[in-house]
Structure formats: C-alpha cells, structure tokens
Amino acid sequence: EIAFIPKWLLGYWIKSDENQYDLNILLSNIVIILVFLVFKNQVIVFLNFFPHYCLFDKLIGIECPVCGITRSLCEISEGDIKSANAFNSNGIIVAFFFAIQVPLRLFALINSKKGYLVKFISKTISNMIIIILLLTWLLKFFTPQI
C-alpha cells in the first residue's frame, strides 16, 4: 500500500485517523495512475537522469524481482501489454493493484464501518503480489537463460 500524502494536509479534509489512512492511499494511488497516464513518456526520461544500480544483478547476475516494473507500467499506460510483459511480467499485476486501490478506498471512506474488510482485502492482495514477485524471480533465477 502506497501512501505519500502528508498527514497534516489530509487533516484539513478528514479528522479521523482511519479515514485519513484510506484517503491517503486513495489519493496516492490516483496520483500514481495519473502520472503514468499523463506523463508516460516523460517518466522514463526523468528516471534516466538518475543512475540505476541493481544490487541483485551485480551480485548474482540476475535482475531483482521488481526490475523493469516502471518501464512495464509505462508500456501498460500506452496499452502495449506485450512490451509491458517483456520488461517485467509482473507489471500487469502491480498495475492492477494500483487500480484496485481506488474503488477499495472509496468503499472504505463511504462505509467507514467496513474499513477493516478493505484493509484485509488490500493486505491479502499485497501479500499475494509479493509472493508472486518472489516466485517469478525464483523461477527466473533457477531457469537457464537461453
């Protein structure tokens, strides 16, 4: 779950800590989705200004589980699923997670008594994605490269 809106800013709209948490995740995910939809080409150009160093790749010769996710998300925003899959096959799953947070958090804000259910669903999906990322990485690690 990604939440990067400062708490003091959310306090202007909502006083409840639980609702601030849900609003933070909702707004943060909307910002991420909009950045990839609106600035899809500029995201990679911007990130190319920063040096990239993958510790996994340098130590064991294979990319880490999340290498290529950003480029995959950029390709998904262009509608090019085949290229997205080539960069990182898990990009589609990560994009789904960002997208599913919007209705989940809206539901939690509207039905604050069901917030526990939203947290459970979100944490479960999040844990499943982490497991999928690791399993995919392990498969890549133990499968001979052609």
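The values are calculated or read from the model by the stated rules, or taken from the named source; none is laboratory data. None of these values were measured; they are calculated from a predicted model. FYI the Cβ positions are ideal-geometry reconstructions off the backbone, even for glycines, and counts take in every protein chain you see. The accessibility values were calculated without ligands, DNA or RNA, using every heavy atom of the protein model including side chains. Shrake-Rupley method; radii C 1.70, N 1.55, O 1.52, S 1.80 Å.
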Leaving out ligands and nucleic acids, note down the accessible area per residue over the chain with a 1.4 angstrom probe, in whole Å². 66 Å²
Choose one answer from Val45, Val66, Val94: the residue with the largest mean-square fluctuation in a GNM of the chain with alpha-carbon springs under 10 Å. Val45
How many nm is it between the label spots at Cys64 and Ser112, if each spot is 7 Å from the Cα in line with the beta carbon? 3.8 nm
List the pair-distance distribution P(r) of the chain, using every Cα-Cα distance, as the percent of pairs falling in each 5 Å bin from 0 up to the bin containing the longest distance, rounded to whole percents. 2, 9, 15, 18, 18, 15, 12, 7, 3, 1, 0, 0
Looking only at the stretch 1-39, which residues have a backbone nitrogen under 12 Å from a spot 7 Å from the Cα of Phe46 in the C-beta direction? 31-39
What length, rounded to one decimal in nm, is gained on full extension from Leu9 through to Asp80, with 0.36 nm per residue of separation minus their alpha-carbon distance? 21.9 nm
Below 29 Å, Cα to Cα, which lysines can Lys15 reach? Residues fewer than 8 away in the same chain don't count. Lys7, Lys113, Lys114, Lys119, Lys123
Carbon and sulfur atoms: what percent of the 1.4 Å accessible area of the chain do they account for? 71 percent
Excluding Leu134 itself, what net charge comes from residues whose Cβ is under 14 Å from its Cβ, given Lys and Arg +1 and Asp and Glu -1? 0
With label points set 7 Å from each Cα along the Cα-to-Cβ direction at Ile129 and Phe39, the distance between them in nm comes to 2.0 nm
What length, rounded to one decimal in nm, is gained on full extension from Phe141 through to Tyr53, with 0.36 nm per residue of separation minus their alpha-carbon distance? 29.8 nm
Taking a 1.4 Å probe, which of Glu75, Glu18 shows the most accessible area, and what order do the others take after it? Glu18, Glu75
